[in-house]
Amino acid sequence: MRTALLQSSGRPGSVVENLKVLDEAAGRAAAAGAGLVAAPEMFLTGYAIGDDIARLAEPADGDSADAVAEIATRHGVAVVYGYPEREGETVHNSAQLISADGTRLANYRKTHLFGCFERDHFTPGEQPVVQADLNGLRVGLMICYDVEFPENVRAHALAGTDLLVVPTAQMHPFQFVAESVVPVRAFENQMYVAYVNRVGPEGEFDFVGLSTLAGPDGIARSRAGRGEELVLADADPDFLAASREANPYLNDRRPGLYGSLV
């Protein structure tokens, strides 16, 4: 499945403008043959927007979800996007997958919050593995800091995730995560990992870009630079099956030795 990564910070604070950016990117992705376009963490509203996070938060089935579903349907491409999700008085840092026919397939709440900023504005999720089947692949969702915990990604591998989509707000000086950690996660868990980042200065943060889709051989199929960009790469189920056959990591595990991890 051709996958498009929308590396952009959009227009922080404006849901309307960010939907326009997503609409334009979905059109370009569909024209390039993509079956999925993924946008970064908190793309719908912006990340470093302080108390506006709570003001702009919406339910998973809110008006903005309907707007994204309309974009997906019109362009015939599935969409993953990050947004602040409201559940009563609680706000989660969430990512949602909507299919090309507008169906809400999966909604994930970030389980590992990074730093005081996130802990001040969000409640962590409690479900580590969220998946949906899409175009012959099992797609899993995760957000930014979550992918830096190997237990998290291994849980997805054991649950059969083929393509792990990770909307991200990765800032300086942690660019090594995009450059090194993500390809290793893909290799050691025998899956594709799509890591799609924000870019440029925003509030107190400087987002580093470097969005990538890494394969199960640990090689980046594509990698963005430090500016706004739409990058495309293929997640090939045949290559994935062959790689899993050749690489014994998951079969050679000895879970009985790992009890001390928890």
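Looking only at helices (runs of 4 or more DSSP H) that fall completely inside segment 1-114, which ones have 2 or more residues that are under 26 Å from residue 136 (Cβ atoms)? Show your work before the answer.
Values: elements: 15-31, 52-56, 63-75.
The helices (runs of 4 or more DSSP H) meeting that bar are 15-31, 63-75.
Report, by residue number, each residue of segment 218-228 that is touching a strand residue (DSSP E or B) at 6+ places or on another chain (Cβ under 9 Å) and surrounded by fewer than 17 Cβ atoms within 10 Å (Cβ to Cβ). Write out each step before concluding.
If we filter segment 218-228 for residues that are touching a strand residue (DSSP E or B) at 6+ places or on another chain (Cβ under 9 Å), which is where we start, we get 220-228.
Correct list: 225, 226, 227.
Count, please, the residues in segment 108-121 that happen to be without any contact (Cβ under 8 Å) to a residue 60 or more places away in the chain and open to solvent by 40 Å² or more (accessible area, probe 1.4 Å).
Selection size over segment 108-121: 6.
Do the conditions hold for residue 124, that is, is it touching a residue at least 12 places away in the same chain (Cβ under 8 Å) and buried (at least 17 other Cβ atoms within 10 Å of the Cβ)? Please lay out each step first, then the result.
Details: touching a residue at least 12 places away in the same chain (Cβ under 8 Å): yes; buried (at least 17 other Cβ atoms within 10 Å of the Cβ): no.
So residue 124 does not fit the description; no.
Can you tell me which of 101, 146, 162 is of a type outside the set (S, T, N, Q) and open to solvent by 30 Å² or more (accessible area, probe 1.4 Å)? Steps first, please.
Working: 146 fails: open to solvent by 30 Å² or more (accessible area, probe 1.4 Å); 162 fails: open to solvent by 30 Å² or more (accessible area, probe 1.4 Å).
Going through 101, 146, 162 in turn, the sole match is 101.
Being out of contact with any helix residue (DSSP H, G or I) (no Cβ under 7 Å at 6 or more places or on another chain), more than 23 Å from residue 222 (Cβ to Cβ) and modelled with pLDDT of 95 or more, is that true of even one residue in segment 133-149?
To start, the set of residues in segment 133-149 that are out of contact with any helix residue (DSSP H, G or I) (no Cβ under 7 Å at 6 or more places or on another chain) comprises 133-135, 138-139, 141, 143-145, 149.
Keeping just the survivors that are more than 23 Å from residue 222 (Cβ to Cβ) gives 133, 149.
Now narrow it down to the ones that are modelled with pLDDT of 95 or more: 133, 149.
The answer is yes; a qualifying residue exists.
Conditions (1) over 24 Å from residue 130 (Cβ atoms); (2) among the hydroxyl-bearing types (Ser, Thr, Tyr); (3) open to solvent by 70 Å² or more (accessible area, probe 1.4 Å); (4) out of contact with any strand residue (DSSP E or B) (no Cβ under 8 Å at 6 or more places or on another chain), marked per residue:
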{"position": "173", "(1), (2), (3), (4)": "yes, no, yes, yes"}
{"position": "198", "(1), (2), (3), (4)": "no, no, no, no"}
{"position": "206", "(1), (2), (3), (4)": "yes, no, yes, no"}
{"position": "216", "(1), (2), (3), (4)": "no, no, no, no"}
{"position": "255", "(1), (2), (3), (4)": "no, no, yes, yes"}
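Given the structure, is residue 70 over 13 Å from the mean Cα position of the chain (by Cα) and more than 17 Å from residue 198 (Cα to Cα)?
Here the answer is yes, as residue 70 does meet what is asked.
Could we say that residue 89 is at pLDDT below 95, within 19 Å of residue 107 (Cα to Cα) and open to solvent by 40 Å² or more (accessible area, probe 1.4 Å) here?
On the way: at pLDDT below 95: yes; within 19 Å of residue 107 (Cα to Cα): yes; open to solvent by 40 Å² or more (accessible area, probe 1.4 Å): yes.
It is true that residue 89 is at pLDDT below 95, within 19 Å of residue 107 (Cα to Cα) and open to solvent by 40 Å² or more (accessible area, probe 1.4 Å).
Filter segment 176-186 down to residues that are open to solvent by 10 Å² or more (accessible area, probe 1.4 Å) and either closer than 24 Å to residue 45 by Cβ or touching an Asp or Glu at 6+ places or on another chain (Cβ under 7 Å) (or both), then give me how many there are.
1
Being of a type outside the set (D, E, K, R), surrounded by fewer than 24 Cβ atoms within 10 Å (Cβ to Cβ) and in contact (Cβ under 8 Å) with a residue 12 or more places away in the chain: is that true of residue 30 here?
Judged against the criteria, residue 30 is a match.
Look at segment 154-176 and say how many of its residues are without any contact (Cβ under 8 Å) to a residue 40 or more places away in the chain, under 23 Å from residue 48 (Cα atoms) and either in a loop (DSSP other than H, G, I, E, B) or over 14 Å from the mean Cα position of the chain (by Cα) (or both).
Keep residues of segment 154-176 that are without any contact (Cβ under 8 Å) to a residue 40 or more places away in the chain, which gives 154-156, 159-161, 164, 166, 171-176.
Those left that are additionally under 23 Å from residue 48 (Cα atoms): 166, 171-176.
Next, from what is left, pick out any that are either in a loop (DSSP other than H, G, I, E, B) or over 14 Å from the mean Cα position of the chain (by Cα) (or both): 171-176.
Number satisfying all stated conditions: 6.
The values are calculated or read from the model by the stated rules, or taken from the named source; none is laboratory data. Owing to the predicted nature of the structure, the values given are computational and were not obtained by experimental measurement. Cβ: placed from backbone, ideal geometry, glycine included. Neighbour counts: every protein chain shown. The area values use the complete protein model at the heavy-atom level, side chains included, leaving out ligands, DNA and RNA. Shrake-Rupley method; radii C 1.70, N 1.55, O 1.52, S 1.80 Å.
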